[in-house]
Amino acid sequence: MLDIRETKPTDWKYVSEGGATIVFSYTGPPNPNFDETVLRLRKALVPALRKQKKNKKARKSPWSSPPSTPTTPTSDPDDEPDDPTIEYQTKCMSRLIPPELLPRLESVRLDRQWLEDLVELQNLNRPEVRRDKDGIDIDRRKGVLATDLVGGNWLAVEIKPKWAFLPAPMHLSEETKPIKTQTCRFCMHNHMRKMKGDIIEMCYCPLDLFSEDEDRMRIAIHALWDAWTRSEGTVNNLKVFAHGNLVFPHETKLMAAPDAQDANEEQIREAFTDALVRTLRKTPVLGILSKLQRTLDTLDIEGLSRLWRHTEVSAPLYQTTFASFFAHEPNAKVPPSTPLGVSSLFLSSPEPGIPDWIEFLDSYLSSFSSQLDHSNPSPKDLRYYLLAYLLSATFKDCSIIVRLDFLRPGSEPHIELKPHTVTVIDLDPKSMDKMRGWEKLDKEIATVYSRKEDRKTCIDAARI
């Protein structure tokens, strides 16, 4: 296993972070083990919030999922398991997405003093709102070394494509069917967020990008670019990096090659769109993501919710506990139900681990999945449908990074597929406890959009 002490904390530059991890890119002297890599470190709450969370945990219901806690240091780093991201990609994701479309991931040995020095050097480079909440977990003994997809002598374009399909009508309610089968989830959600004032209006429709039609794909990239420009680079569906640095809309000349610095913004926009569309059409990545999303989410969350409640009501203990509700008396109340994905005395829904995902994929990739009657799902297959929906959610929320040469407007782009020209990232599994929130959000999105008079028609090319 590589040891991070082969490098110095000053060899690493802060790149970005999410809710669970923080990323640094290697900028030190040539080193074949670390050149063109990023270091992905797990985060922990700052001490004050950690204490609050511990007290809150003590007050929580025993049915609630336990919150994550900081790692306890071990005397031997090898006793600490590899980051689950590595095992999950090796044993699960590589069975669904060709390895050449995935980043390199491997464990690297960490050192507490080295991490403390890194914190001292880099913490002020982080957003202030992040610094007040969490930071590097200095008790970890292993981190993740991954391919640096943005930091070299190229343009790196990160796109979060989102939902690739319209749901089948069979499990939708009469109220949502005419809405959800006409307008895609992203466009409806975008409308709701715009109405709340959360974001600027976006014309981007994922179904255009996933269509494989060159004209529609150009429309999609133009829409992403325009939203990126109007939002001053704050929309999370498009990010651009040049030489590893985030590019903002007022810096579009950074995307142009040295001999094309006289190009104006419109010329750069067209060259950017042309290069991106041509590259994406040469790879199977969008087709793979589209197929995975729609074959894993066959019931829509409405059908999944209905199956969940049917399975719970059918449980003998549930029938006994709420026998009075089933007496068919006039004005009888509806018996209570457990929120989708939440374990109870009547229905267990544990968080899946790696063995669960392996078992699920064995079923999904076998003839078992083709024999399921999605129009009439059986309670005995509830666990399969729950894990399928969670996995679909991962592919609906993942990102792709495309490496491009610096742009030369007016010249035909040279597109050559090399290792990591196109890479799928952000493939961590979703948590079961998100299910109830997704169900509530789905209802809210459809309800808000139902009030819109001029509803958008999104075209699902795979349905035609």
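May I ask you to evaluate 6.51 cos²θ - 1.76 cosθ + 1.60, the Karplus curve with θ = phi - 60°, for each residue of the stretch 32-46 and list the ³J(HN,Hα) values in order in whole Hz, giving x for glycine and proline?
Along the stretch 32-46, the couplings run x, 7, 10, 4, 6, 10, 10, 9, 10, 10, 6, 10, 9, 5, 5 Hz.
Give LYS180/LYS396; LYS43/LYS418; LYS177/LYS333; LYS177/LYS440; LYS8/LYS133 a once-over and call out the pairs whose C-alpha atoms are over 24 Å from each other. Mind dumping the intermediate values first?
Numbers: LYS180/LYS396 16 Å; LYS43/LYS418 33 Å; LYS177/LYS333 27 Å; LYS177/LYS440 17 Å; LYS8/LYS133 26 Å.
Going by Cα-Cα distance, LYS43/LYS418; LYS177/LYS333; LYS8/LYS133 fall outside the 24 Å limit.
Under 17 Å Cα to Cα from LYS194, which aspartates and glutamates show up? Leave out anything in the same chain fewer than 8 places away.
ASP226, GLU232, ASP442, GLU444, GLU453, ASP454
Which Rg and Dmax, in Å, describe the Cα atoms of the stretch 161-250?
Answer for the stretch 161-250, Rg first and Dmax second: 15.1, 51 Å.
If R₀ is 35 angstrom, what is the calculated FRET efficiency for the pair ASP3 and SER94, using the beta carbon separation as r and rounding to 0.05? Numbers along the way, then the final one.
Values: r = 26 Å, r/R0 = 0.74.
Efficiency for this residue pair is about 0.85.
Return the carbon/sulfur percentage of the accessible area of the stretch 272-412, one whole number, probe 1.4 Å, all protein chains in place.
Working: 3490 of 6420 Å².
For the stretch 272-412, the apolar C and S fraction of the accessible surface comes to 54 percent.
Give, in nm to one decimal, the length gained when the segment between ARG281 and ASP111 is fully stretched (0.36 nm per residue of separation minus the Cα-Cα distance).
Values: separation 170, 0.36 × 170 = 61.20 nm, distance 4.36 nm.
My answer for the length gained is 56.8 nm.
Which percent of Cα pairs goes in each bin when the distances of the stretch 148-192 are cut into 10 angstrom slices starting at zero?
23, 34, 17, 15, 10, 1
Return the label of the correct value of volume of the Cα convex hull per residue in Å³, as calculated from the structure shown, out of [x] 161; [y] 182; [z] 209.
[y]
Per 0.36 nm of contour for each residue apart, how much would the distance between ARG455 and SER378 grow if the chain were fully extended, relative to their Cα-Cα spacing? Walk me through the numbers before you get to the answer.
Working: separation 77, 0.36 × 77 = 27.72 nm, distance 3.46 nm.
So the extension gain works out to 24.3 nm.
Please tell me the relative contact order of the chain in percent, rounded to the nearest whole number, where contacts are Cα pairs under 8 Å and at least six residues apart.
Reported relative contact order: 20 percent.
Per residue of the stretch 452-461, what does 6.51 cos²θ - 1.76 cosθ + 1.60 with θ = phi - 60° give for ³J(HN,Hα)? Whole Hz please, x for Gly and Pro, Karplus curve as stated.
Going residue by residue, I get 7, 6, 9, 6, 7, 9, 9, 9, 8, 4 Hz, with x marking Gly and Pro.
Determine the shape class of the stretch 362-410: with a ≥ b ≥ c the square roots of the Cα gyration tensor eigenvalues, call it rounded for a/c under 1.5, and otherwise prolate if a/b is greater than b/c, oblate otherwise. Before the final figure, lay out each step's value.
Details: a/c = 3.98, a/b = 3.27, b/c = 1.22.
Here the stretch 362-410 falls in the prolate category.
Starting from the coordinates of the alpha-carbon atoms of the stretch 225-383, obtain the Kirkwood hydrodynamic radius over all distinct pairs and give the value in Å to one decimal. Let's see the in-between values first.
Details: mean 1/r = 0.0472 Å⁻¹.
Kirkwood hydrodynamic radius for the stretch 225-383: 21.2 Å.
Enter the accessible area per residue of the chain (Å², integer; probe 1.4 Å; all protein chains in place). Don't skip to the answer; put the middle values down first.
Values: 23140 Å² over 464 residues.
I get 50 Å² per residue for this part.
What is the spin-label model distance, in nm, from ARG309 to THR10 if the labels are put 7 Å beyond Cα along the C-beta direction?
6.3 nm
Output needed: Cys residues of the chain lacking any neighbouring Cys C-beta below 4.7 Å, sorted by number.
If one checks each Cβ against the other cysteines of the chain, CYS92, CYS187, CYS203, CYS205, CYS398 turn up with nothing under 4.7 Å.
The values are calculated or read from the model by the stated rules, or taken from the named source; none is laboratory data. Here the structure is a predicted model, which is why all the values come from computation and not from measurement. Every residue, glycine among them, receives a Cβ derived from its backbone with ideal geometry; neighbour counts consider all protein chains shown. The area values use the complete protein model at the heavy-atom level, side chains included, leaving out ligands, DNA and RNA. Shrake-Rupley method; radii C 1.70, N 1.55, O 1.52, S 1.80 Å.
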